[in-house]
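Only one structure is covered here, and it is reproduced in the block below.
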Amino acid sequence: MGKITEKISLAPFLPRLFLALAISLLVAACGFHLRGAVQLPYANLYVAVSASSTLGMELRRQLRASQPDLLVENEKQAEAIFRQLSDHRERIIAAINADGRAREYQLRLSYSFRLEDAKGAPLTPVSQIIIAREITYDDNQVLSKDQEEAFLWLSMEKELAQQILRRLATQHPLQPAQPPEQPPEEKRGDADGDA
């Protein structure tokens, strides 16, 4: 019997191959990169947010995942202290129906913070992050809408933790105040005019 050989042509795959190559080049050229572990420029950090809050737990979890030895349990041992300055949450009517009842709400979370040293002096400027989500409302589905709202608040807090860490990783520490420079002293010769 004769040997049958089959030739596989790459022609049908070439357009897809070129498309994949073009997309990967475009993505690389625009500076896109996957979110990785956040590296903070401090030897250790104390998070002055309740460990039982969703935000406090999420911040600590993400920091331990990226820098296991970063967190300390005592403020006095910390090179940097994460300090919450404000945490404001509001539910605003975004749309009403023909009867004048709320049909859609906007959930808004506004959070400000900064890093301080052990003496309370700021290491970074005050940062504010605002996160908003829309939620529809129906009087016939009160229980499910309440659960949806609770889920959205939880999701917003987790996103807030991620944004805080990204912001801290990119913020440049404030420069400590430098004393004014003294003009160099001029050499004076003795009374005979010798220099």
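The values are calculated or read from the model by the stated rules, or taken from the named source; none is laboratory data. The model shown is predicted, which means the values in this text are computed figures rather than measured ones. All Cβ positions, glycine included, derive from the backbone under ideal geometry; neighbour counts span all protein chains shown.
Key figures
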read-out	value
Pairs, first in contact (Cβ under 8 Å) with a residue 12 or more places away in the chain in the range 45-74, second of a type in the set (Lys, Arg), C-beta under 7 Å, six or more apart	Val47/Arg60; Ala48/Arg83; Glu58/Lys158; Leu71/Arg60; Leu71/Arg64
Matching entry among Ile135, Ile92 (being in a strand (DSSP E or B) and free of Cβ contacts under 8 Å to residues at least 24 places away in the same chain)	Ile92
Qualifying position, being among the hydrophobic types (A, V, I, L, M, F, W, C), out of contact with any helix residue (DSSP H, G or I) (no Cβ under 6 Å at 6 or more places or on another chain) and crowded, with 16+ Cβ neighbours inside 10 Å, among Leu70, Leu115	Leu115
Condition check for Gln162: at pLDDT 85 or above, of a type outside the set (A, V, I, L, M) and under 30 Å from Gln67 (Cβ atoms)	yes
Residue list for the range 83-103, restricted to those being among the charged types (D, E, K, R), surrounded by 15 or more Cβ atoms within 10 Å (Cβ to Cβ) and farther than 28 Å from Thr124 by Cα	Arg103
Hits in the range 119-138 (condition: touching a strand residue (DSSP E or B) at 6+ places or on another chain (Cβ under 7 Å), loosely packed, with under 14 Cβ neighbours inside 10 Å and of a type in the set (Gly, Ala, Ser))	Ala132
Which numbered condition Asp194 misses (of (1) surrounded by fewer than 13 Cβ atoms within 10 Å (Cβ to Cβ); (2) charged (D, E, K, R); (3) modelled with pLDDT of 90 or more)	(3)
Phe151 in a strand (DSSP E or B) and either of a type in the set (S, T, N, Q) or within 22 Å of Gln62 (Cβ to Cβ) (or both)	no
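For every residue, the table says whether it meets (1) at positive phi; (2) touching an Asp or Glu at 6+ places or on another chain (Cβ under 8 Å); (3) part of a strand (DSSP E or B).
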residue: Ser50; (1), (2), (3): no, no, no
residue: Ala65; (1), (2), (3): no, no, no
residue: Ile81; (1), (2), (3): no, yes, yes
residue: Leu85; (1), (2), (3): no, no, yes
